[in-house]
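Read the structure below first, then the notes.
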Amino acid sequence: MQLTARALLLALAVTVVPVAAAGQQPLERGITVIGEGTANVVPDLAVIQAGVTTQGRTAREASEANSTTMAKVHAALKAAGIGERDAQTAHFSIRPVYDTRRDGDNRITGFQASNQISARVRAVAEIATVLDQMIAAGANDISGIHFTVSERSMLLDKARADAVADARRKAEQLARAAGVRLGRATVIVEHGGSPVPMERMTMRAAPAAAPPVAVGEQTLRVHVSVTFELLN
C-alpha cells in the first residue's frame with residue numbers, strides 16, 4: 001500500500017513539471033556583438049573662422065574702424081573666389097575696455113569691436129592662399145579651420161554596411177567556437193560616430209602671412225550592436 005502511494009506521488013510529480021514548463025515563455029538564445037565600419041577620406045571642404053578686432057575711444061569709433069577693415073576682408077574673399085553663399089557673419093560684438101585701478105575702481109578707457117566671419121573654401125588646396133589674402137586685407141583674429149567632407153552621408157552608408165558585416169563575422173566565429181549555428185539578426189543599434197577632426201589655431205595679432213596648413217585624412221567610423229539568434 002505504501003509502495004502504491006509513493007508510485008502515485010512520483011507519477012504526479014513527473015506529469016506536473018512538464019505542464020509548468022509548458023506554461024512558461026521559451027528562453028530566447030542569442031548573442032550580441034559590436035561591429036565597426038570605417039571610411040578613410042581626404043577632406044574636400046574647409047571652413048575658416050576669422051575676423052577683425054579693433055579698438056577705439058568710443059563704441060562708434062571702434063565699430064567704424066572694424067567695418068572699414070571687414071569690408072576689405074570681404075573683398076579679399078570675393079577675389080579669392082568665395083561666393084556670397086559661402087561667407088556668413090558668425091559673431092559680432094562691441095564691449096568696453098576697462099582700466100582696473102588699485103582702489104578697485106574700473107574706468108572705461110575705450111571700446112573693442114569684434115567681427116567674425118565663417119567662410120567655406122571648396123577648393124581645399126587653396127586654403128593657404130585664401131588665408132594669406134584675408135590677413136593681407138586686415139584680418140587679425142583667426143579662430144580656427146574646420147575640415148570636413150561634402151559627401152559624408154554616402155561614405156557613412158558604406159561604413160554602416162561594413163559595420164554590420166563585421167558584426168556578423170565576429171558572431172559567426174563565436175558561434176562556431178560554441179558549437180552552435182548563427183541565426184538571423186534580431187536587433188541592430190547604431191552608436192554615435194567619431195567626431196570630425198578639426199585644425200585649431202588662434203592668432204590675435206596681425207601676422208605677416210598664414211602658417212602652413214595640412215589637410216590630412218579623416219577616418220569616419222560607425223559602430224553597431226547586433227543581436228543574432230543562436231540555433232542548435
If the convex hull is drawn through the Cα atoms of the range 45-148, its volume per residue in Å³: 101 Å³
Could you give each residue of the range 149-158 its phi-based ³J(HN,Hα) in whole Hz, using Karplus coefficients 6.51, -1.76, 1.60 with θ = phi - 60°, and x for Gly or Pro? 10, 6, 9, 4, 5, 5, 5, 5, 4, 5
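Since every read-out is calculated from the coordinates, none of them should be taken as a lab result. All values reported here derive from a predicted model rather than from experimental measurement.
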